[in-house]
Amino acid sequence: MSWRTPFTALLTVPATIALAIAFCAAAIVYLEHRLGTPGWLLPLPPVEARVILSIVATAAMTALSLAYSLTLVVFTLAASSIGPRLLKRFTTERGNQITAGLLGGTFLFALTVLGTSGKEPSRIATFIAGLLAAASVVQLIWFVRAVAQSVSIDDELAKIAGRLRDGLARLDRHSDGDADIPPDAAFMPAVAASDTGYLAGLDRKALVAAAVEGDTILKANRAEGDYLLPETVILSAKGALSEEARQRLAETVQQEPARSDTGTVHFSVNLMVEIALRALSPGVNDTFTALAVSDMLSGALAKVAATDPRPEVLRDPEGRPRVILPGVSFPQLLDTAYHPLRQAAGGNVLMAEGLARALRRLHGVAGTNGRQAVETHARLLRETLKEGGHLPADLETVIALTSDMTRA
């Protein structure tokens, strides 16, 4: 199970932080009983110490409950207009996990001190409980600010676009059309899907290590994010492998029953398209959000617009190709992003103008194959608008932006 799935992310990270803080409380109480209280600490009556610890424990748990309750309400409202996957992303944000862990840990710290100190609570632990309470207040202030930013559509789009650019840059760095890759006939099935579900990820380092150990070359037959049926071949190897080697390779494959944020470029593209389509729906009618999606998609795709389709090649320390992964194809990404946007913009001239500007930007930086794909989209955009029954004057801007791109 992935540590990035919502259940494990929401359980493991906050729980680990909270339990670690609680363990520190028990250790501090024990050490103070054995070594005594430092002289620099001011004396504190036992009754007042218990009151302080009780207040810290109550406030921490109340703050944790309110933070989750109010945040889930805000995210539920945002999910109805932006996208339901925001709720899943909320649980996997590291800052949110740290906030939950710190508040929960402060509660357990105070509770542990009260339960293990006897009649006179530890003065050191009481002092540290006050510091944890102060840290929790600061973290809670940051948390509220982070939540407010995360439900802002512009900030959310910027984060998704940033991940998309990083993913495309990584693929471009590892892409290699000149690598000495054996023909497909040289590869034999090595790992197949055991059940239906999505290919969530491949452990690249482990794959390279396995290929070096077996002195072979591995090839991924499916891309991350693909939906798999049982017995679908995921990995192939050059030549036959032992059963033990197959078992090690199977451990590098992560399969999940539901689609999740796997960090793939296709997931980021689909997520941005989903937000744009929701914004263009009659119930939301937010064209400017869809325009922002189109602009950010063009900025991200510009990184690979000039490259030809080629596989992603992972090499060993000696520079030899070891793992062949499905690479990035600009025409395919362009189709995935702009076909749905064009179809949804058939009755929206303002959105069509934004798409035309985005296509023009991509046309200026694309290579030969990329330009052909952009020209096809420009021609389809004009045809879609003409079938929409718009006035010729309303189409002048779109025609002017795309006329020098389309081919007869």
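The values are calculated or read from the model by the stated rules, or taken from the named source; none is laboratory data. None of the values given here were measured: they were computed from a predicted structure. Note that each Cβ is placed from the backbone with ideal geometry, even for glycine, and that neighbours are counted across all protein chains shown.
Of note:
- Scanning segment 374-402 for residues that are in a loop (DSSP other than H, G, I, E, B) and under 38 Å from the mean Cα position of the chain (by Cα) yields a count of 1.
- Of all residues in segment 102-147 being in contact with a Gly (Cβ under 8 Å, 6 or more places away or on another chain) and surrounded by 14 or more Cβ atoms within 10 Å (Cβ to Cβ), the one that is modelled with the lowest pLDDT: A146
- Number of positions in segment 171-190 that are surrounded by 15 or more Cβ atoms within 10 Å (Cβ to Cβ), within 26 Å of the chain's Cα centre (by Cα) and not hydroxyl-bearing (S, T, Y): 4
- Long-range neighbours under 6 Å by Cβ, at least six apart or interchain, first residue in contact (Cβ under 8 Å) with a residue 24 or more places away in the chain within segment 126-154, second outside any helix (DSSP H, G or I): I153/I82
- A345 meets each of the listed conditions (1) at pLDDT 90 or above; (2) surrounded by 23 or more Cβ atoms within 10 Å (Cβ to Cβ); (3) of a type outside the set (D, E) apart from (1).
- Filtering segment 353-408 to residues that are at pLDDT 85 or above, among the β-branched types (V, I, T), under 21 Å from A306 (Cβ atoms) and surrounded by fewer than 21 Cβ atoms within 10 Å (Cβ to Cβ) leaves V365, T376.
- When segment 1-43 is limited to residues that are among the aliphatic types (A, V, I, L, M) and modelled with pLDDT under 75, the one that is farthest from L114 (Cα to Cα) turns out to be M1.
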